[in-house]
Amino acid sequence: MEAAGTDEVEKIKSKFMSAWHNMKYSWVLKTKTYFSRNSPVFLLGKCYHFKTEESSDTSPNGSNYDITDEGISRNVEEFRKDFISRIWLTYREEFPQIKGSALTTDCGWGCTLRTGQMLLAQGLILHFLGRDWTWPDAFVIENSDSESWTSHTVKKLTASLEASRTGEKEFRNQSSHHKQAPGGNWGNRERRDEHFHRKIISWFGDSPLANFGLHRLTEYGNKSGKIAGDWYGPAVVAHLLRKAVEESRDPELQGITVYVAQDCTVYKSDVIDTQCSFADSEKSDAKSVIILIPVRLGGERTNMEYLEFVKGILSLEYCIGIIGGKPKQSYYFAGFQDDSLIYMDPHYCQSFVDVSVKDFPLESFHCPSPKKMSFKKMDPSCTIGLYCPNVQAFERASEEITKILKSSSKENYPLFTFVNGHSRDYDFLMSPVLEERTLFSEDENKKLKCFSTEDFVLL
């Protein structure tokens, strides 16, 4: 009887929290983002220039540029399409209840899991579609953008508060309907791209069966002592993503693996072993690898000395972004201009989308507007992501990044290092083989507990 009463209290508490989070995270005002005409803009390794031939296009102060103005250059259009094509994963509500809890939303606690998902999604885009891929319908979502960010939010908030008072739940449809999929006039390449675009998003669906969904990540977190509703730091999320990829049984995901750096050190032989040891004995090619490197860019505050290094990393096409943010909020950093970082913000509550349905709507998985933040506001705890399609690419990446580390470091202590050999050669204990019933080894659990003291704070 007592247990039943406790469950009822938890359900009521969850409903009130859901109403509060809907008010807090659904009210998102669409703001204009300004870029300088005089400086290049980098987005995950691609460089864009916003200069135009007509001098009349300049803004009143002669330097800033509103990317939403008419008469923008073709290069700006390319940047917008490239940015919108990145997969955007945000807070969601009304998804299936997370096992072991009464939670049906991740508002207020899941932001770092979402930014980690965005980073992994970009790695999968490089793996299956390539860096040059863009979503053909990227500009379609802008037609309904103002409605989805303003009036729809008011309707959504009102309905949510009413549902909380009555104890009922409503299913809220997406604000815009996905247009009919193109017909048979598509070529093989277009059909293939559409398949993987939808497939990648479906892997991050908010359901227990999704390989990299919130339910699966929190399940892995449970094995390390966390429960749904706890907050995760960027280093812990790196290990959860590695585990999720490792545990995936989807045939299309067997050609990729994840390596997490240990103590700011990438052991090159360990990475190569990770790529090759799981390869099919009948195939000569190894797996592609996503390398995740948890680092700190300073003590209590980010050290501005690391700015050039971060810009150097985000200038590489095989960089898949940075899981970071500012104190109390996690962001997915994907580019920069001058001393400002370009990011996608997960702190926007959207309705659950059933990605198992054929031709499910894609609009809410793509961000219509980039945001910028000064580098000096960045929290020092972050995780850097890289993608290498083969061993040769990894060797080239390690050499290139080592040069960036040396050139950007005024001290003799780089942010992280690439070291020849295995970690065991340096008396570092590798994680033992996982037991069938234990997701994380004892050594891994020690690392995760260590990472739980990161400076990020629950908002």
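Only the coordinates and a few stated rules stand behind these numbers; no lab work does. Small disclaimer: the values here were computed from a predicted structure and weren't measured. Glycine gets a Cβ as well: all are built from the backbone with ideal geometry, and neighbour counts include every protein chain shown.
Worth pointing out:
- Label point distance in nm, T134-R189, each placed 7 Å from Cα along Cα→Cβ: 1.5 nm
- Computed 3J(HN,Hα) for the range 220-229, one whole-Hz value per residue from the Karplus formula 6.51 cos²θ - 1.76 cosθ + 1.60 where θ = phi - 60°, is 5, x, 4, 5, 9, x, 9, 10, 4, x, glycine and proline marked x.
- Residue by residue, the range 204-215 carries 3J(HN,Hα) couplings of 9, x, 8, 8, x, 8, 5, 4, 10, x, 4, 4 Hz when phi is fed to the Karplus relation 6.51 cos²θ - 1.76 cosθ + 1.60 (θ = phi - 60°); x denotes Gly or Pro.
- Spacing of the modelled spin labels on K223 and K199, each 7 Å from Cα toward Cβ, amounts to 2.5 nm.
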